[in-house]
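> Can you read through this structure? Questions will come right after.
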Amino acid sequence: MNEVRSTSLTDALAAWPRVSLGHFPTPLDEAPRLSSRLGVRVLIKRDDQTGLALGGNKVRKLEFLLADALSQGADTIVTTGGSQSNHARLAAAACRRLGLNCYLVLDRGVHPEAQGNLLLDHLFGATVLLIESADPTVAAEEMQALAGTLEAEGRRPYIIPRGGSIPPGATGYAAMVVELLAQLESLRLRATHIYLGTGSCGTHAGTLAGVVASEAGFAVQGVSVSRPETLQREKVVQLANDTLARLRLPRAVQPEQALVDDRFRGPGYGFTTPATLEAIELAAKDEALVLDPVYTGKAMAGLIAHAREGRLSPDDIVVFVHTGGAPALFAYHAEVAEALRAPA
């Protein structure tokens, strides 16, 4: 079994403020038909069921990020992402729960229509500013300018970078490792791999930090949804080590531990690929799992390919982290319908 050797990690996590937003622990489900198809045992960590506003991985991050914001006296959150950003949707929802104002600086992306996540942003009462550039530095500049305007109006803004991928946010996924280890121990299972999508890096880096801190002993395999492998690995290592430093844990992530496969990102963030659409269909038909085209579809495409390529053996036990994102599926309805040869 993967023994829970995470007492020091648990103590380190307890030292930081956290607000309650989600339903934890999330389930760890068997995927028998998918496992049979792939020839490797797959369990699904259901972080699509975190509870808040249709769920997703960002709830774990926001519990620590918004606690930090409140501790600094903030009354307004300013954050960014693409027009179909899961992070933006959940930030808007969390702000409603906590009585905070929410401003979203979003690039138009592939689907800027009022559908999916963007529709929910408006429903939750966020102020949405759509910008033309997908360059994160442009969004960062826009957020700083907006924060300055809000301060001049007497507000106390707290800026959250794209995806909440800074040490307070990544801390949420270090905490997920403690939860997962307890579940595996109760099932008397020894996992060998964790698979997850890696974009703004917070989920990947936080998970890797938690695995290293708890000496969990399994590989954390990221499947890039946006950046090339080399750049993504550098960002993951940096953020993982910054997170461990924040937690004051005497551990370090080594470059070779940041595993990234970038073959499934397609033209870039938010663009579908045939492998992504196949993965969405297989997961739905095998296990009634709803994946999205931006993150989980690409992550599952990576897992399917690795199994087909023989990179996983029948003795392996894989935990697939389902990070949510179902609302975006509806914004991509035409692409999905075309892949299924169904009426759009």
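Residue by residue, here is whether (1) part of a helix (DSSP H, G or I); (2) in the same structural domain as Gln221 (by TED's automatic domain parsing); (3) touching a Cys at 6+ places or on another chain (Cβ under 9 Å); (4) closer than 18 Å to Ala219 by Cβ holds:
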site	(1), (2), (3), (4)
Arg248	no, yes, no, no
Arg251	no, yes, no, yes
Arg263	no, yes, no, yes
Tyr269	no, yes, no, no
Ala279	yes, yes, no, no
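> Does Thr80 satisfy being β-branched (Val, Ile, Thr), in the same structural domain as Val212 (by TED's automatic domain parsing) and either in contact with a Gly (Cβ under 7 Å, 6 or more places away or on another chain) or touching a residue at least 24 places away in the same chain (Cβ under 8 Å) (or both)?
Against the criterion (β-branched (Val, Ile, Thr), in the same structural domain as Val212 (by TED's automatic domain parsing) and either in contact with a Gly (Cβ under 7 Å, 6 or more places away or on another chain) or touching a residue at least 24 places away in the same chain (Cβ under 8 Å) (or both)), Thr80 does not qualify.
> Only one residue in Glu185, Glu142, Glu179 is surrounded by 16 or more Cβ atoms within 10 Å (Cβ to Cβ), farther than 23 Å from Val105 by Cβ, modelled with pLDDT of 95 or more and charged (D, E, K, R), so which one is that?
Within the list Glu185, Glu142, Glu179, the selection yields Glu179.
> Let me ask you something else. Which residue, of Ala216, Ala288, Ala283, Ala301, is surrounded by fewer than 17 Cβ atoms within 10 Å (Cβ to Cβ) and under 19 Å from Leu43 (Cα atoms)?
Ala288
> Only one of (1) over 16 Å from Ser85 (Cβ atoms); (2) at pLDDT below 95; (3) not hydrophobic (A, V, I, L, M, F, W, C) is not met by Pro136, so which one is it?
Only one criterion is unmet by Pro136, namely (1).
> Restricting attention to the stretch 133-150, which residues are of a type in the set (Ser, Thr, Tyr) and assigned to a helix (DSSP H, G or I)?
Thr137, Thr149
The values are calculated or read from the model by the stated rules, or taken from the named source; none is laboratory data. Since the model is a prediction, treat every value here as computed from it, not as a measurement. Every residue, glycine among them, receives a Cβ derived from its backbone with ideal geometry; neighbour counts consider all protein chains shown.
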